[in-house]
1. Output the DSSP H helices from the chain with an along-axis C-alpha extent of no less than 27 Å and a mean Kyte-Doolittle hydropathy no less than -0.5.
2. Show me the chymotrypsin sites (Phe, Trp or Tyr not before Pro) within the stretch 257-308 that DSSP assigns to loop and that have at most 11 other Cβ atoms within 10 Å of their Cβ.
3. Name the GluC sites (Glu not before Pro) in the stretch 201-255 that are in a loop by DSSP and that have at most 12 other C-beta atoms within 10 Å, would you?
4. In debye, nearest 20, what is the charge dipole magnitude of the chain about its Cα centre with +1 on Lys and Arg Cβ and -1 on Asp and Glu Cβ, if you could check?
5. For volume of the Cα convex hull per residue in Å³, which listed value, (i) 138; (ii) 293; (iii) 178, comes from the coordinates shown?
6. If R₀ is 41 angstrom, what is the calculated FRET efficiency for the pair Arg282 and Gln202, using the beta carbon separation as r and rounding to 0.05?
7. So which of Lys127/Lys264; Lys118/Lys258; Lys124/Lys258; Lys119/Lys258 end up more than 32 Å apart, counting from Cα to Cα?
8. Quick one: accessible surface of Leu189, probe radius 1.4 Å, all protein chains present, in square angstrom to the nearest 10.
Amino acid sequence: MRVYPEQLTQQLTKGLRQAYLLFGNELLLKQEAGDSIKHIAQQHGFLERHSFTIDNSIDWNAVLDCCHAMSLFSAQQIIELEIAETGLNANQAKALLEVIDALHPDILLILTGPRINKKQESTKWFKALDTIGLYVPCNTPDPRQMPRFIQSRCQQLALKPDHESVQMLAQWHEGNLLALSQSLHKLVLLYPDGILTIVRLQEALSRHNHYTPFQLIDALLAGQAKRSQRILRQLQAEGVEATILLRTLQRELTQLYKMQEMGKRGTPLNLIFEQFRVWQNRREMYVGALHRLPLTTLITILRQLTLLEIQVKTDYDTQPWSALSCLCAEMCGIPTHLQRLNEF
């Protein structure tokens, strides 16, 4: 059964499950979910804890010993297993199934790991645990989900933000939930009445948003012009090297170019996405980008990107950010001087 982090507390009041699966890319949500589960479990007599990391050095016999060592007078146990970022290989998945088979009512299993996909959700070990437990996906909210996430957090802390304050908190803390949590607790202390306005936020907080080049790519694929420019400015402020962004853009534009070529040859879109391993939840963005960026436009942007990269690598005094801003605008379908230069 799947529940989201904000639903977990309510689920725990209904009783404990035998297993909890905490998977995702957001460390804060996994920590909070794990702490909530262990707090309730301790109230129910699960006083012993054993933690293991599933890697090449794990002693599976030690894990199984924890399951088999129970006696009538032993305390109930929490077994925590952490899957490494590389995931499970075939032998580890087989050993995990043995542990699942050895579970009993005096064992509570908490399994944590990185974000998983549909294929991993169909594995034997995941299905076995999903049957007896709860799956809690702990992923960073995307920009559309962030305001609702902030509203929920504020409600828990008795904070009363207006609409503009929620939007500002979302922009200032995107990609950095730990900083958001710290900011909200700071606001609780500063404003006991809980009322949040833009003026109060500006007086109390500084920006904590943290972006990556991959978030820039997603914004560009989605054609989000304002958002992509905001991310680009923040990456510049954080000191990200322009060459890293140039290479990331070049890789994505080259892939779009190859996709367009395959499409012109009559290859169905679903086969194109399968060849380039585009996940189902990202295909809508790519469809929009392919409609927005025909081959002629991609050639123009790639040519300008190449010239800019040569300039950056040969002239160390070059300030490429203005040109990068134009490239990003072009990818979002906004004409700039790049097209005009191409006409001469």
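The values are calculated or read from the model by the stated rules, or taken from the named source; none is laboratory data. Keep in mind that this is a model prediction, so the values were computed, not measured. Cβ placement follows ideal geometry from the backbone for every residue including glycine, while neighbour counts extend to all protein chains displayed. Side chains included, ligands, DNA and RNA excluded: accessible areas come from the protein's heavy atoms. Shrake-Rupley method; radii C 1.70, N 1.55, O 1.52, S 1.80 Å.
1. Working: long enough: 242-264 (33 Å, -0.39); 295-314 (28 Å, 0.91).
Taking the DSSP H segments of the chain (at least 27 Å long, mean hydropathy at least -0.5), we get 242-264, 295-314.
2. Details: sites: Tyr257, Phe273, Phe276, Trp279, Tyr286; in loops: Phe276, Trp279.
For chymotrypsin sites (Phe, Trp or Tyr not before Pro) across the stretch 257-308 that sit outside H, G, I, E and B with at most 11 neighbouring Cβ atoms in 10 Å, the list reads Trp279.
3. Details: sites: Glu203, Glu238, Glu241, Glu252; in loops: Glu238, Glu241.
In loop regions of the stretch 201-255 (DSSP not H, G, I, E or B), the sparsely surrounded GluC sites (Glu not before Pro) are Glu238, Glu241.
4. On the way: 35 positive and 34 negative charges, 226 e Å.
With Lys and Arg at +1 and Asp and Glu at -1, about 1080 debye.
5. (iii)
6. On the way: r = 35 Å, r/R0 = 0.86.
Taking R0 as 41 Å, the efficiency between Arg282 and Gln202 is 0.70.
7. Numbers: Lys127/Lys264 41 Å; Lys118/Lys258 27 Å; Lys124/Lys258 37 Å; Lys119/Lys258 26 Å.
Flagged as over cut-off: Lys127/Lys264; Lys124/Lys258.
8. 140
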